[in-house]
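Below you'll find the structure, written out as structure tokens, and then a few comments.
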Amino acid sequence: MAYEVTKSDEQWALELEPREFAVLRKAGTERPWTGALLDEKRVGVYRCRACGNELFRSDTKFDSHCGWPSFFSPLAGDRVELLTDRTLGMVRTEVRCARCGSHLGHVFDDAPQTPTGDRYCMNSVSLSFEPDEGSAGA
């Protein structure tokens with residue numbers, strides 16, 4: 001897929017911190033229960049850390065008890081790209097930013113408690129959070 005934002009690995013490496021680069025550009029995974037956004041409760045929007053694309057709203061975030069921030073739906077279907085991931089001896093659905101192709105996490109259909117039944121399991125390091133004006137912590 002051709003992305004709106006394209007850069008070489010060298011350019012991304014200059015712009016991103018090493019652990020951000022490892023996850024966003026090399027499809028790594030941060031350790032569970034360590035992400036800065038796991039317990040974020042404020043109202044706002046979650047963006048791709050690499051390119052700033054708006055991906056998720058706080059009203060779709062839920063506690064899935066998996067160790068990573070989880071959402072039941074992206075802001076819009078065209079904000080993310082879903083790809084078959086056959087690494088690690090299993091078949092999963094990888095979630096990438098549709099604007100720059102950065103790895104965000106995986107989506108699973110194991111959340112019957114949500115309106116969609118989906119769990120977009122995202123790496124905190126792949127996202128940045130922008131609170132709404134006047135947003136208070138929960």
Taking region 1-53 and the residues there that are touching a strand residue (DSSP E or B) at 6+ places or on another chain (Cβ under 8 Å), part of a loop (DSSP other than H, G, I, E, B) and hydrophobic (A, V, I, L, M, F, W, C), the one that is farthest from PHE71 (Cα to Cα) would be MET1
Quick one: ALA111 ticks every box in (1) in contact with a Lys or Arg (Cβ under 7 Å, 6 or more places away or on another chain); (2) buried (at least 20 other Cβ atoms within 10 Å of the Cβ); (3) of a type in the set (A, V, I, L, M, F, W, C); (4) not in a loop (DSSP other than H, G, I, E, B) except a single one, so which number is it?
-> (4)
Per-region count, region 67-81, residues surrounded by 15 or more Cβ atoms within 10 Å (Cβ to Cβ) and either outside any loop (DSSP other than H, G, I, E, B) or at pLDDT below 95 (or both) | 6
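Let's see how each residue does on (1) farther than 18 Å from LEU24 by Cβ; (2) without any contact (Cβ under 8 Å) to a residue 24 or more places away in the chain; (3) outside any loop (DSSP other than H, G, I, E, B):
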residue	(1), (2), (3)
LEU83	no, yes, yes
HIS106	no, yes, yes
PRO115	yes, no, no
CYS121	no, no, yes
VAL125	no, no, yes
GLU133	yes, yes, no
So which residues in region 1-39 are at positive phi and among the small types (Gly, Ala, Ser), if there are any at all?
-> ALA27
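Take GLU40 and tell me if it is closer than 25 Å to TYR3 by Cβ and in contact (Cβ under 8 Å) with a residue 24 or more places away in the chain.
Values: closer than 25 Å to TYR3 by Cβ: no; in contact (Cβ under 8 Å) with a residue 24 or more places away in the chain: yes.
Taking the combined requirement at face value, the residue does not satisfy it.
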So is VAL45 modelled with pLDDT of 95 or more, within 16 Å of GLY77 (Cα to Cα) and either under 14 Å from the mean Cα position of the chain (by Cα) or surrounded by 13 or more Cβ atoms within 10 Å (Cβ to Cβ) (or both) or not?
-> yes
Within region 86-104, the residues that are outside any loop (DSSP other than H, G, I, E, B) and more than 19 Å from CYS66 (Cα to Cα) are THR87, GLY89, ARG96, CYS97
Regarding PRO18, is this residue free of Cβ contacts under 8 Å to residues at least 40 places away in the same chain and farther than 29 Å from GLY117 by Cα?
-> yes
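The values are calculated or read from the model by the stated rules, or taken from the named source; none is laboratory data. Since the model is a prediction, treat every value here as computed from it, not as a measurement. FYI the Cβ positions are ideal-geometry reconstructions off the backbone, even for glycines, and counts take in every protein chain you see.
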